[in-house]
1. When you go through Leu255, Leu216, Leu294, Leu238 one by one, which is the residue that is over 28 Å from Val159 (Cα atoms), touching a residue at least 12 places away in the same chain (Cβ under 8 Å) and in contact with a Cys (Cβ under 9 Å, 6 or more places away or on another chain)?
2. Just checking, which of Phe155, Phe201, Phe222 is at pLDDT below 90 and either over 19 Å from Thr99 (Cβ atoms) or touching a Gly at 6+ places or on another chain (Cβ under 8 Å) (or both)?
3. What residue, among those in region 19-52 that are open to solvent by 70 Å² or more (accessible area, probe 1.4 Å) and in a loop (DSSP other than H, G, I, E, B), is nearest to Ile69 (Cα to Cα)?
4. Being touching a residue at least 24 places away in the same chain (Cβ under 8 Å), on the phi > 0 side of the Ramachandran plot and more than 18 Å from the chain's Cα centre (by Cα) is the requirement here; does Lys322 meet it?
5. Among the residues of region 128-152 satisfying the criterion of being under 11 Å from the mean Cα position of the chain (by Cα) and open to solvent by 70 Å² or more (accessible area, probe 1.4 Å), which is farthest from Glu94 (Cα to Cα)?
6. Mind checking which pairs have a first residue in region 31-44 that is among the hydroxyl-bearing types (Ser, Thr, Tyr) and a second that is surrounded by 18 or more Cβ atoms within 10 Å (Cβ to Cβ), Cβ under 8 Å, 6 or more apart or different chains?
7. Please tell me if Asp157 is in contact with a Lys or Arg (Cβ under 9 Å, 6 or more places away or on another chain), within 22 Å of Met132 (Cβ to Cβ) and surrounded by fewer than 22 Cβ atoms within 10 Å (Cβ to Cβ).
8. Assess whether His125 counts as being open to solvent by 10 Å² or more (accessible area, probe 1.4 Å), without any contact (Cβ under 8 Å) to a residue 24 or more places away in the chain and under 30 Å from Gln301 (Cα atoms).
Amino acid sequence: MKLQQLRYIWEVARNDLNVSATAQVLYTSQPGISKQIRLLEDELGIEIFARSGKHLTRITPAGEAVLKIAGEILQKTNDIKAVASEFSNPRRGELSIATTHTQARYALPEIIEQFIAEFPDVNLHMHQGTPMQIAEMAAKGQVDLAIATEAMEHFSDLVTLPCYRWNRSIIVPKGHPLTRVQPLTLEAVAQYPIVTYVFGFTGRSQLDQAFQSRGLEENVVFTAADSDVIKTYVKLGLGVGIVASMACETVDDELVSIPADHLFEESVTHIGIRRGTFLRGFVYRFMEMFAPHLQKQLVEQAMETPAKTSVAPLFEHVTLPKH
């Protein structure tokens, strides 16, 4: 059994059983990958992948078990490299982050600017996606950190660390009737079409719960993952916008932002880290920049928490900042 063979089966599984795509990713040949997978299966005496002709069709139950362990082994090899790099050159390396548009556009720019100034020899990579995609990337070890509000609780492989609290604002065109409603109520907002985030994005579930708890049905006519896109369609008169308040810092002269903290429960943005991962010193520093209470000792305690055990007790003494 070779480490290369484990990498091949892992990457084939990641690439939807497409051996050709896997070969491109790994800069090798398709026949070479197929041969090594067969050699591994012959050595183990099982089929990792079921086949129809020359095509892989699914992962077998035995294959699922093998792949789980293979992923852990590959992660540990990456950890060994990270440990070596930490001792040989602690200020050089790579940091990959997966996050949503709202975090990338409004919460992270200042932090990234500070980080690059402090660690100019660390290459920073940012990936954007849905919260579910982001959490999955972190759980599979494809990125070092996931930053989002939703979805990470569904992955037991992730340790989720609370970073900051935030709430929402209503955005409307200038002169809209809602600008004259004081105090603003959910009943008043529910009278208009709503433009907001796609379900599963940026605290959307809590928004829906707020209306449902009052017996109201919101008429969501347009959804988007991007706060700036939502603003554009509010400006066009499609409806009343509901976005994260941090996204209202750049509202232009044609729109009015109305704070709605009293209408909705606060949401909490988290950082997700794959359980058992060795973290470089600059990764700890990035987390501390983003959320000052996430100091190395507290993060290490959270990382040692058993799977499916809440880290909440570790943060009972922490007052999360509001963004």
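The values are calculated or read from the model by the stated rules, or taken from the named source; none is laboratory data. Quantities reported herein were computed from a predicted structural model and do not represent experimental measurements. Virtual Cβ from ideal backbone geometry, glycine too; neighbours counted across all protein chains shown. Surface accessibility is based on the protein's heavy atoms, side chains included, excluding ligands, DNA and RNA. Shrake-Rupley method; radii C 1.70, N 1.55, O 1.52, S 1.80 Å.
1. Details: Leu216 fails: in contact with a Cys (Cβ under 9 Å, 6 or more places away or on another chain); Leu294 fails: over 28 Å from Val159 (Cα atoms); Leu238 fails: in contact with a Cys (Cβ under 9 Å, 6 or more places away or on another chain).
Only one candidate qualifies: Leu255.
2. Result: Phe155 is the single residue among Phe155, Phe201, Phe222 that is at pLDDT below 90 and either over 19 Å from Thr99 (Cβ atoms) or touching a Gly at 6+ places or on another chain (Cβ under 8 Å) (or both).
3. Among those that are open to solvent by 70 Å² or more (accessible area, probe 1.4 Å) and in a loop (DSSP other than H, G, I, E, B), it is Glu47.
4. no
5. The extreme case among them is Met132.
6. Note: pairs meeting the criteria are Ser34/Val19.
7. Numbers: in contact with a Lys or Arg (Cβ under 9 Å, 6 or more places away or on another chain): yes; within 22 Å of Met132 (Cβ to Cβ): yes; surrounded by fewer than 22 Cβ atoms within 10 Å (Cβ to Cβ): yes.
Considered against the rule, which asks whether it is in contact with a Lys or Arg (Cβ under 9 Å, 6 or more places away or on another chain), within 22 Å of Met132 (Cβ to Cβ) and surrounded by fewer than 22 Cβ atoms within 10 Å (Cβ to Cβ), Asp157 comes out as yes.
8. So His125 fails the test.
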